[in-house]
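Reviewing the structure listed below.
The values are calculated or read from the model by the stated rules, or taken from the named source; none is laboratory data. Quick caveat, the model's predicted, so the values are computed rather than measured. No Cβ is skipped: glycine too gets one built from the backbone with ideal geometry, and neighbour counts run over all protein chains shown. Protein only, heavy atoms only, side chains kept; ligands, DNA and RNA dropped before computing areas. Shrake-Rupley method; radii C 1.70, N 1.55, O 1.52, S 1.80 Å.
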Amino acid sequence: MSAGRAARGALLVVTLLAVATIALSSLTVFDFWWYLASGQRILETRSVPATDPFSYTAEGRPWINHMWATQVLFTLLWERWGRLALIGLKTATVVATFCVVLGTMRVRGVHPLLASAVTVLAAWTGAEFWHARPQTFTYLFVAILIWLLRPGWERRPVTLVFVPALVVPWVNLHAGFAVGKLRRLHRDLREVESLR
């Protein structure tokens, strides 16, 4: 292994450890307990509620629970291993997100030091968003989608097979899957602009 490759590997490890340190925090979000209550109800009834069972003002009204899979996952982890399991899942998801972001920057030719600095700065800037909440999965899936559809994707058509495999769990984990459609719309608009 060359010295340059070893240095890049060490820089990657240090960068991701810094991201993990930033993402590591307690479970303090006010709606966290609502996720657990919803997950418990889904597990007990073996169905996703079609009406709102929790809200005083909207009880019984139609409800599309677009994050039922996250609620079930959180509940199962909480019941089996408690708080540390959810903190670990959240931290691992954030680290995976920034690993993909860092990899995307490197593939696009960003210098390793600059890519690492931007990654740590982005993780630190977004620290207020790194909670055990369903949208944490959306951050990861957006990063993966951008990786899959990075410039030159048309020369790698096999990567498009992974898009549906990404969207299927995403649809059930968080409603942020709609961002995938925005990415397609943005690309279509760029193509139209290039035809002018």
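Below is a table of values for the structure above.
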{"quantity": "Per residue, in Å², the accessible surface of the stretch 1-118 once ligands and nucleic acids are set aside, probe 1.4 Å", "calculated": "59 Å²"}
{"quantity": "Candidates Ala50, Ala178, Ala122, ranked by Gaussian network fluctuation over the chain, Cα under 10 Å, top entry", "calculated": "Ala50"}
{"quantity": "Gained length - Val167 relative to Val107, 0.36 nm times residue gap less alpha-carbon distance", "calculated": "19.3 nm"}
{"quantity": "Potential extension, Ser2-Trp147 segment - 0.36 nm per residue separation minus Cα distance", "calculated": "49.5 nm"}
{"quantity": "In the stretch 1-81, trypsin sites (Lys or Arg not before Pro) in a DSSP loop with at most 11 other beta-carbon atoms within 10 Å", "calculated": "Arg46"}
{"quantity": "Highest-MSF residue in the chain out of Ala23, Ala85, Ala123 [GNM, Cα springs under 10 Å]", "calculated": "Ala85"}
{"quantity": "Solvent-accessible area of Ser38 with every protein chain in place, 1.4 Å probe, in Å² to the nearest 10", "calculated": "0 Å²"}
{"quantity": "On Cα atoms only, tilt of 162-173 relative to the major axis of the chain in degrees", "calculated": "30 degrees"}
{"quantity": "Gain in span if fully extended, Thr159 to Thr125, counting 0.36 nm per residue against the direct Cα distance", "calculated": "9.2 nm"}
{"quantity": "Carbon plus sulfur fraction of accessible area for the chain, probe 1.4 Å, in percent", "calculated": "68 percent"}
{"quantity": "Cβ-based net charge around Ala115, under 11 Å, with every Lys or Arg adding one and every Asp or Glu removing one", "calculated": "+3"}
{"quantity": "Residue-averaged [θ]222 nm for the chain, counting only DSSP H segments that reach four residues, each worth -39500 (n - 2.57)", "calculated": "-22500 deg cm²/dmol"}
